[in-house]
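The values are calculated or read from the model by the stated rules, or taken from the named source; none is laboratory data. Here the structure is a predicted model, which means the values were calculated and not measured. Positions of Cβ are generated from backbone atoms using ideal geometry, with glycine treated the same way; all protein chains shown enter the neighbour counts.
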Amino acid sequence: MSSSKISRRESPRARFRRLAREIAEIGKGFYSRGWALGTSGNLSAVVEVDPLCLAITASGLDKSRLAPSQIIAIDPSEKVTFGRGRPSSEAAIHLAIVRGRRAAGAVFHTHSIWSTLLSEGYAREGGVELKGYEMLKGLANVRSHEHSEWLPILDNSQDMKKLSAEVAVLLDRHPVIHGFLLRGHGLYTWGATPREAKRHVEIFEFLMEVLVRLKASSDAG
């Protein structure tokens, strides 16, 4: 790599500031669409791969007023290395996803009505198949509406060490999935960039709403 390219490379601190602005903007958008109400949901993005550094929303934040100053940086042990606040207990899940999906540059967790209903309704099946929808083509590396996307469902737990280990096993078992649900809790998805992860959230939230509404219509008929 030439010295001119090296001189133009973004420093870790500059990258963190940029990602913090993106995360805050996206988080407020999720709130406005009803996907991260109250203090629910958390968003993260990879600042550095080696050593791993993650920019992530601090715990207990109102996403309607999310600001870049409320984004903190953590290391692989969840220790805060920059910013003020404490990471969500679910930071362990974000770290498990980044480790299990090396192409993941951002991990977003939403907690919508649709993900809650769907995760309860399909819990016994262990997941739900999404197939035949044009929206699936918005997922990374998906080229056809005939694609079959398995959206697994894991039981929720307050034991984050145990749950993050289950997430690691899930990702190893299903190497091509783009997301999963925690029962009664919400959606986790990821992407190479924050914008790609945002797109995946939008696609999954759309499809989950479609499935819930279809089932409600079928039951009513």
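Residues of segment 148-185 that are among the acidic types (Asp, Glu), assigned to a loop (DSSP other than H, G, I, E, B) and in contact with a helix residue (DSSP H, G or I) (Cβ under 9 Å, 6 or more places away or on another chain): ASP155 alone. Of all residues in segment 71-85, those satisfying the criterion of being under 16 Å from ARG13 (Cβ atoms) and free of Cβ contacts under 8 Å to residues at least 24 places away in the same chain are ILE72, ILE74, VAL80. Taking the criterion of being more than 11 Å from LEU207 (Cβ to Cβ) and touching a strand residue (DSSP E or B) at 6+ places or on another chain (Cβ under 6 Å), the residues of segment 102-125 that qualify are ALA104, GLY105, ALA106, VAL107, PHE108, HIS109, THR110, HIS111, SER119, TYR122, ALA123.
Could you please let me know if GLY34 is at pLDDT 95 or above, at positive phi and not in a strand (DSSP E or B)? Answer is yes for this residue. Quick test of your reading of the structure: SER164 fulfils all but one of (1) crowded, with 20+ Cβ neighbours inside 10 Å; (2) of a type outside the set (Phe, Trp, Tyr); (3) in contact with an Asp or Glu (Cβ under 8 Å, 6 or more places away or on another chain); (4) under 27 Å from PHE16 (Cα atoms). Name the failing condition by number. Just one mismatch for SER164, condition (3). Of these, SER115, SER164, which one is within 14 Å of LEU211 (Cβ to Cβ) and under 14 Å from the mean Cα position of the chain (by Cα)? The conditions single out SER115.
When segment 49-93 is limited to residues that are of a type in the set (D, E, K, R) and buried (at least 17 other Cβ atoms within 10 Å of the Cβ), the one that is nearest to GLY34 (Cα to Cα) turns out to be LYS63.
Among the residues of segment 196-221, those identified as free of Cβ contacts under 8 Å to residues at least 12 places away in the same chain and assigned to a helix (DSSP H, G or I) are ARG213, LEU214, ALA216, SER217, SER218, ASP219, ALA220. Taken residue by residue, segment 146-158 has no member that is touching a residue at least 12 places away in the same chain (Cβ under 8 Å) and within 24 Å of VAL47 (Cβ to Cβ).
When the residues of segment 20-46 are narrowed to those that are among the β-branched types (Val, Ile, Thr) and surrounded by fewer than 24 Cβ atoms within 10 Å (Cβ to Cβ), which ends up farthest from HIS109 (Cα to Cα)? Spell out the reasoning first.
First, pick out the residues of segment 20-46 that are among the β-branched types (Val, Ile, Thr): 23, 26, 39, 46.
Filter again for surrounded by fewer than 24 Cβ atoms within 10 Å (Cβ to Cβ), leaving 26, 39, 46.
On the way: ILE26: 12, THR39: 12, VAL46: 15 Å.
Restricting to residues being among the β-branched types (Val, Ile, Thr) and surrounded by fewer than 24 Cβ atoms within 10 Å (Cβ to Cβ), the top hit is VAL46.
Checking each residue in segment 129-155 for being at pLDDT 95 or above and touching a Gly at 6+ places or on another chain (Cβ under 8 Å) picks out ALA140, TRP150, LEU151, PRO152, ILE153. Checked against (1) surrounded by 15 or more Cβ atoms within 10 Å (Cβ to Cβ); (2) in a loop (DSSP other than H, G, I, E, B), VAL107 meets all criteria but (2).
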